[in-house]
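The structure appears right after this line, and notes come after that.
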Amino acid sequence: MRIPSALSAATVVLFAAGCSGPGHATPDRAASSPAPVTRTPASVAGTSASVAEAPAFPDGEVVAQAANATGGREMEIKGGVGSGILSVQVLCEGKGELTVAVDPVGVNFPFACTAGEVNSIDNEFNMKRPHTPGTVRVTASAGVRWAITVGHQDGSGRSSS
C-alpha cells in the first residue's frame with residue numbers, strides 16, 4: 001500500500017470477519033472467532049509518531065506493550081483474553097514486513113513497513129469468549145523497528161481495570 005505524502009501512516013480498522021491480505025486480521029476459523037468492532041480510523045502524523053514509544057491507549061487497560069523493538073517477541077497478555085474489546089495498535093518503520101498474532105484467539109495480521117516512514121495499524125476485536133490466558137506474538141523483518149500496545153476494555157466501553 002502506498003501512502004500519500006500528506007500521511008506517513010496507514011490505519012486499518014476491520015469491518016468484516018474474514019478479511020485477509022496485508023494490513024487485515026485473519027481469524028482462525030477453528031478458534032473462537034472475534035466479532036470486529038467498527039471505529040473511526042486515526043492517523044499518525046509523520047514527525048509526531050515514533051517507535052521509540054509504545055502507542056497510547058487512553059480508553060482502557062494496557063495489557064501488553066513494547067517500544068523500540070526489533071526482530072520477534074512474544075508477550076503475555078496481562079489478565080488473559082476474555083470478553084470485551086481487545087485493541088492492537090502497532091507502529092513500525094524500516095523496509096519490510098511485520099506480523100502480529102494473538103493467541104489463543106487465532107487472529108493474525110501482516111503489515112507492510114516503509115523505510116523512512118512510521119506506519120501504523122489499529123485493529124480492534126469485540127471478544128465474546130470464555131476467559132483464558134493469552135499472548136501476542138510479533139515477528140518483523142531485519143531492519144524493521146516497531147512498537148505495540150495491546151489494550152482491553154469491557155464491552156460497555158468502560159475500562160476493565
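The values are calculated or read from the model by the stated rules, or taken from the named source; none is laboratory data. Computed from a predicted model, the values in this text were never measured in an experiment. Cβ: placed from backbone, ideal geometry, glycine included. Neighbour counts: every protein chain shown. Note: accessible area is taken over every heavy atom of the protein model, side chains too, but ligands, DNA and RNA are not part of it. Shrake-Rupley method; radii C 1.70, N 1.55, O 1.52, S 1.80 Å.
Where does each of 116-126, 67-77, 93-103, 144-154 land if you order them by average Cβ count within 10 Å, highest first?
The packing order, highest mean first, is 144-154, 116-126, 93-103, 67-77.
So what's region 45-161 giving for Rg/Rh, alpha carbon basis, Kirkwood Rh from the mean inverse pair distance? Present the calculation step by step, with values, prior to reporting the outcome.
On the way: Rg = 13.8 Å, Rh = 14.2 Å.
Here Rg/Rh amounts to 0.97.
Say each of Glu76 and Thr132 gets a label point 7 Å from the Cα, pointing the same way as Cα to Cβ; how far apart are those two points in nm?
1.8
Between Ser83 and Lys95, what is the spin-label point distance in nm, taking each point 7 Å from the Cα along the Cα→C-beta axis?
Spacing of the two 7 Å Cα→Cβ label points: 4.9 nm.
Modelled label-to-label distance, Ala142 and Asn68, 7 Å Cα→beta-carbon offset: nm?
About 2.3 nm separates the two model spin labels.
Tell me the carbon and sulfur percent of the accessible area for region 71-150, rounded to whole percent, probe radius 1.4 Å.
54
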